[in-house]
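Visitor: Okay, here's the structure, questions in a sec.
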Amino acid sequence: MPASGGARSPGSNIIEGFDPILKSHPRFRSEPLTGWGRFPVETCRVYRPEARGELSEIVTGAAEDSFLPRGLGRSYGDAALNGDAAVISLLRLDRLLSLDEDEGVLECEAGVGLGDILDAVVPRGFFLPVVPGTRFVTVGGAIASDIHGKNHHRDGTFSRFVVDLTLLTPGGELVRCSPEVYRDLFWATVGGMGLTGIIVTARIRLHHITTRYISVDYRKAPDLDAALALFDEADDQYPYSVAWIDCLSRGRALGRSVLMFGEHATRERVKDAHLDVASSRARLSVPFDAPGIALNRISVRAFNTFYYALHRTRDDALVSADRFFFPLDGVRDWNRLYGRRGFVQYQAVLPLDRGGEGVRRLLEGLSASGLSSFLAVLKKMGPEGDGHLSFPMEGYTLALDIPRRRGLGKLLGALDRIVLDHGGRIYLAKDASLVAGAFRQMYPGLDRFQSVKNAIDPDGLFSSSQARRLGITDASRKEGDRS
Amino acid sequence: MSDAGEGVGAELGEGAGPVLIVGVTSAIAQATAAAFAAHGHDLLVTGRNPEELEAVAADLALRHRVEVEARVFDALDFEAHDGLMDAAGMGPLSGVVLALGYMGDQEEAQGDFREARRIVDTNYTACVALLEKAASILEDRGRGFICVVGSVAGDRGRQSNYLYGSAKSGLAAYLQGLRNRLHPAGVTVTTVKPGFVDTRMTYGKEGMFLVASPESVGRGIYRAARRGRSVVYLPGFWRLIMWVIRSIPEPVFKRLKL
């Protein structure tokens, strides 16, 4: 039975089961998996259903300790890993099911990539209401991580635009839930990292656009205070805002940034610029693992200096939506730049009142560690949503790519303490190293999440390596079972 | 057997009538349908599982902006065969792609004739029934194409799947005859023999190698049908592999564990 929450009687939203699809037991492939950061590596048994009906057959029929749904594997650490247990790949359940052009509502299966959705809806004058920094995220992953984008300060997270979703519960029932029906289950599933069951389909409210271009205003900030002031000013003016931040600059230049403020360009603006509606998509790729040394302090410093100097303060530059939102997708497999040892992405959000100070201390901590970050992004976030384990809160978020080198563990521990001291939290979709105690302090919604989780999954059938590390699911029970 | 030099048999292109794809819910057929849709063809698609059929049809229409009509159809329900070729408001069919396949369970079929019959009926009898209807329609019109997804398993019988293989082999011989019959009418008949493809049929099985993506095989099927080729292995190197396997003398082959 689904968790309590909705006022309706149980059963009203339970959709009947399917005819059996598979003749025999579902087959899996045992393979080493990683997240996008390529660390850690864990062997999982991967199931890959090709029909929706197979999902319940796998969950109820396969002899596994636990299951975890997985999409395109763009979370960075171990959020989409289930070491020595089952992972269910949703990549073959990627069909677009309906588009109501009057209401602007798309229904699709959870395994479809956001980029594929854009390819289908942009020519019809629609855009996704929230996009992350890459096209290669599935709808299921976007909901399970309750992703945010450059418009978070204005529009909130992806889940705000989810009309409803169908969830295959650990008990094998298909339940439709929404902010109105089975609300607790909905808000536990949103940001719930795949631990409440498998998101099978979802309906998403789209955003109207008239062109595929973004009009971008660039601003340079010589230091952190200037950058934060620019964000505060821009809050009401632009739907999209983000800053690239040079995290090697120190002293008075600490936090010097290039800020990008954007909005969807109007048809007139694009016509005036004589631009064609077709957008280019770069096709570079990184065909091999870079030697570990390729991204070092000197090369990163050179890049940062160049990047900062390159940008001018200017208004109304037209940039294709692809390039504005997904700059790194142009380089396929860019994670290989960090070499075989991989990297971690560290993303924290710090509440508004002490956020500036917290960001400063995080940058100082990184700088003092001798490790460098090639890519660092700063953004102001809007109010917290309703997802029990959703990441965003009103304040500033800082994301750092840090290559795995000696001393990384110590650095991450130090950064975690700064985040805790400032009342912030770190993003589970990026995390690979947080400890359970710190996690519990960062996520006060954990109790509510766990009460839903225990009601819907009393046997702990859905789990992940991250969930066990952080104590989101009851690790001791599963460990006991497994021995 | 090479037929790369054959001319373009089927007059295809945007504005031509719809293409019928029977058994569209398999991964290979979905990819084939997507290749046709990407080239602007309207589609009439069938499948057994209504939920899957609806999903595939909606996806094709939304991604490729073509008209897609879906009909729930079980190839073993021979009564239902009448009327399937009638594309209703979509205009006369420009071609038919048959992607019916049932691997079945060889071991079960050895002890249970019902399973053996299901394998043979799906992979051979139902195909014959459908193709005879398609052949008459296209023959009368004097153009069009027929493209049937067979299997390399039909090239040589072996103990692990000879029921499936023999049905596919019979189908290949049937298609040779049909090709011969329809040639004067300008209707092409293509036999496609995919090797290992990354689908439910091969996923997680031991001993798979050189596994092709359904997308590349789907594009290959589209090209082969469009060019009106006779017999096509996908990917092409399977022609060589199967030549080697066919060349093993039977006294040797019967001792192998394949």
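Visitor: For residue A:97, list long-range residues whose amide hydrogen, built 1.01 Å from N in the peptide plane, is under 5 Å from its own amide hydrogen.
Guide: Amide H neighbours of residue A:97, under 5 Å, 5+ apart: A:107, A:108, A:109.
Visitor: Given a Förster distance of 25 angstrom, what is the FRET efficiency for residue B:128 paired with residue B:39, based on the Cβ-Cβ distance and rounded to 0.05?
Guide: Given R0 = 25 Å and the Cβ-Cβ separation, E is 0.30.
Visitor: What stretch of chain B, leaving out the sites themselves, is the longest with no GluC sites (Glu not before Pro) in a DSSP loop having at most 11 other Cβ atoms within 10 Å? Mind showing how you got there, number by number?
Guide: Details: sites that count: B:14, B:206.
So the longest stretch without any such site is B:15-205.
Visitor: If you take each beta carbon of peptide B:203-215 and count the beta carbons of other chains within 10 angstrom, what is the mean?
Guide: Taking all residues of B:203-215 together, the mean is 2.
Visitor: Ignore the peptide's own chain and count Cβ atoms of other chains within 10 Å of each Cβ in A:194-205; give me the average, rounded.
Guide: 0
Visitor: Here's something else I'd like to know. Please list, in chain and number order, the residues 5+ apart from residue A:381 or on another chain whose amide H is under 5 Å from its amide H, with Hs placed from the backbone.
Guide: Those lying under 5 Å, H to H, from residue A:381 are A:395, A:396, A:397.
Visitor: May I pose another question? What chymotrypsin sites (Phe, Trp or Tyr not before Pro) in region B:164-258 are in a loop by DSSP, with at most 10 other Cβ atoms within 10 Å of the Cβ?
Guide: B:209
Visitor: Using mean Cβ contacts within 10 Å as the protection proxy, how do A:433-439, A:230-236 order, highest first? Could you put the intermediate results ahead of the total?
Guide: On the way: A:433-439: 16.7, A:230-236: 14.4.
Order by mean packing, descending: A:433-439, A:230-236.
Visitor: A follow-up question, please. Going by alpha carbons, how many degrees (0 to 90, nearest 10) lie between the helix axis of A:352-369 and the longest principal axis of chain A?
Guide: For A:352-369 against chain A, the angle is about 80 degrees.
Visitor: Taking the beta-carbon count within 10 Å as an exposure proxy, list B:257, B:205, A:379 from fewest neighbours to most.
Guide: B:257, B:205, A:379
Visitor: Explain nothing, just compute: Karplus ³J(HN,Hα) = 6.51 cos²θ - 1.76 cosθ + 1.60, θ = phi - 60°, for every residue of region A:101-107 in order, whole Hz, x for Gly and Pro.
Guide: Values per residue, Gly and Pro as x: 6, 6, 8, x, 10, 9, 10 Hz.
Visitor: Shifting gears a bit: Efficiency by 1/(1 + (r/R0)^6): what FRET value for residue A:60 and residue A:267, r their Cβ-Cβ distance, R0 = 41 Å, to the nearest 0.05? Mind showing how you got there, number by number?
Guide: On the way: r = 52 Å, r/R0 = 1.26.
Efficiency computed from Cβ-Cβ geometry: 0.20.
Visitor: Of the beta bridges DSSP finds with both residues in the protein assembly as shown, what % are antiparallel, to the nearest 5?
Guide: Roughly 65 percent of the DSSP beta bridges within the protein assembly as shown come out antiparallel.
Visitor: Starting from the Cα of residue A:307, step 7 Å along the direction of its Cβ; do the same at residue B:253; then give the gap between the two resulting points in nm.
Guide: 6.1 nm
Visitor: Label region B:158-258 by shape, choosing from rounded, prolate and oblate, from the square roots a ≥ b ≥ c of the eigenvalues of the Cα gyration tensor; if a/c is under 1.5 it is rounded, and otherwise prolate applies when a/b is larger than b/c, oblate when it is not.
Guide: It is oblate, given that a/c is not under 1.5 and a/b is not larger than b/c.
Visitor: Continuing with this model, one more query. Near residue A:414, within a Cβ-to-Cβ distance under 15 Å, what is the net charge of the other residues, with Lys and Arg +1 and Asp and Glu -1?
Guide: Result for the local shell: +3.
Visitor: Also, quick follow-up: Sum -39500 (n - 2.57) across every DSSP H segment of at least 4 residues in chain B, then divide by the residue count to get the 222 nm mean residue ellipticity, nearest 500. Show your work: numbers first, answer last.
Guide: On the way: 9 runs with 106 residues, N = 258.
The helix contribution divided over chain B gives -12500 deg cm²/dmol.
Visitor: Now for a different question. Go ahead and set up a Gaussian network model of chain B, Cα springs under 10 Å, then flag whichever of B:76, B:53, B:175 fluctuates most.
Guide: Most flexible of the set in this elastic network: B:76.
Visitor: Sketch the reach of a paramagnetic label on residue A:232 as a point 7 Å from Cα along Cα-to-Cβ, and name the residues of region A:337-353 whose backbone nitrogen lies under 11 Å away.
Guide: Counting only backbone N, you get A:353.
Visitor: Next question, about the same structure. When the helices in chain A are scored as -39500 (n - 2.57) per DSSP H run of 4 or longer and the sum is shared across all residues, what 222 nm value do you end up with, to the nearest 500 deg cm²/dmol?
Guide: -8000 deg cm²/dmol
Visitor: Roughly how tilted is helix A:224-234, in degrees to the nearest 10 and between 0 and 90, from the longest Cα axis of chain A?
Guide: Around 70 degrees separate the two axes.
Visitor: Be a star and scan region B:74-108 for residues whose amide nitrogen sits under 13 Å from the point 7 Å along the Cα-to-Cβ vector of residue B:136.
Guide: B:81-86
Visitor: Karplus couplings for region A:265-273 from phi (6.51 cos²θ - 1.76 cosθ + 1.60, θ = phi - 60°), rounded to Hz, Gly and Pro as x?
Guide: These are the phi-based 3J(HN,Hα) values: 6, 7, 4, 4, 4, 6, 4, 4, 7 Hz.
Visitor: Using the Cβ atoms and a cut-off under 13 Å, what net charge is assigned to the surroundings of residue B:198, where Lys and Arg are +1 and Asp and Glu are -1? All intermediate terms of the calculation are to be shown ahead of the outcome.
Guide: Working: positive: A:27, A:29, A:48, A:92, B:200, B:205; negative: A:50, B:215.
With Lys, Arg at +1 and Asp, Glu at -1, the neighbours total +4.
Visitor: Whole-Hz Karplus ³J(HN,Hα) for region A:37-47, in order, using 6.51 cos²θ - 1.76 cosθ + 1.60 and θ = phi - 60°, x for Gly and Pro?
Guide: Each residue of region A:37-47 in turn: x, 6, 8, x, 10, 9, 7, 10, 8, 9, 9 Hz.
Visitor: Arranged from highest to lowest average of other beta-carbon atoms within 10 Å per residue, in what order do the peptides A:314-321, B:28-35, A:194-201 appear?
Guide: A:194-201, B:28-35, A:314-321
Visitor: Which entries of A:271/A:380; B:193/B:254; B:205/B:254; B:168/B:257; A:220/A:410 have Cα-Cα distances beyond 29 Å here?
Guide: Among A:271/A:380; B:193/B:254; B:205/B:254; B:168/B:257; A:220/A:410, the Cα-Cα distance tops 29 Å for A:271/A:380; A:220/A:410.
Visitor: Okay, moving on. Skipping prolines and chain starts, which residues have an amide H placed within reach, meaning under 5 Å, of the one on residue B:70, given they are 5 or more residues away or on another chain?
Guide: Sorted by chain and number, the residues that satisfy this are B:45.
Visitor: Calculate, in nm to one decimal, what residue B:159 and residue B:107 gain on full extension: separation in residues at 0.36 nm each, minus their alpha carbon distance.
Guide: Here the segment from residue B:159 to residue B:107 would lengthen by 17.8 nm.
Visitor: Run the simple label-point estimate for residue B:244 and residue B:208 please: 7 Å along Cα→C-beta, distance reported in nm.
Guide: Once both label points are built, they end up 2.1 nm from each other.
All of the numbers you see were taken from the coordinates with simple rules; none came from a lab. These figures come from a predicted structure and were not determined experimentally. For neighbour counting, all protein chains shown are included, and Cβ atoms are generated from backbone atoms with ideal geometry for every residue, glycine included.
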